1. Full extension from residue 75 to residue 18: what is 0.36 nm times the residue separation minus their Cα-Cα distance, to one decimal in nm?
2. Restricting to Cα pairs below 8 Å that are 6+ residues apart, what does the relative contact order work out to for region 19-98? Please round to a whole percent.
3. If a/c stays under 1.5 just call it rounded; otherwise compare a/b with b/c (prolate if a/b is bigger, oblate if not). Do that for region 8-98, with a ≥ b ≥ c from the square roots of the Cα gyration tensor eigenvalues.
4. For 73, 51, write out the residues from largest to smallest accessible area, computed with a 1.4 angstrom probe and no ligands counted.
5. Given a Förster distance of 22 Å, report the FRET efficiency between residue 90 and residue 26 from their Cβ-Cβ distance, rounded to the nearest 0.05.
6. How do 28-41, 52-65, 74-87 rank on mean C-beta neighbours within 10 Å, highest first?
Amino acid sequence: MIAAAADSFDLAVTRFNASEAARTVAGLTRTLGEPRVSIGAAAGTPEAARITVAWELTWYQWAVASGERERPIAELAHGTELDQLDAPARQWNAKWRS
């Protein structure tokens, strides 16, 4: 479960925590340990949050609409090196809570 630092992303975090994506993170956390997490605006989509969850060996990004419950949570990207992430995605401003 993600604990958000910014109130404007509360609904997006709530939607993420109830999703299959959160279950994926929980499974990886059991194997890889606690991840780093950042939440920010998704590029080109002001009503969506971009959630980045990263470990030393892998990272994932999802777009989560904060206002449209019908829109699915979409995986944006997945990689293996933290330096593949842009600077805003590496601003670790949230926490993962088991």
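The values are calculated or read from the model by the stated rules, or taken from the named source; none is laboratory data. Fair warning: this is a prediction, and the values are worked out from it, not measured in the lab. Using ideal geometry, Cβ is built from the backbone for each residue, glycine included, and neighbour counts are taken over all protein chains shown. Surface accessibility is based on the protein's heavy atoms, side chains included, excluding ligands, DNA and RNA. Shrake-Rupley method; radii C 1.70, N 1.55, O 1.52, S 1.80 Å.
1. 19.0 nm
2. 30 percent
3. Oblate.
4. Sorted descending by solvent-accessible area, the residues read 73, 51.
5. After rounding, the FRET efficiency stands at 0.50.
6. Sorting 28-41, 52-65, 74-87 by mean packing, highest first, produces 52-65, 28-41, 74-87.
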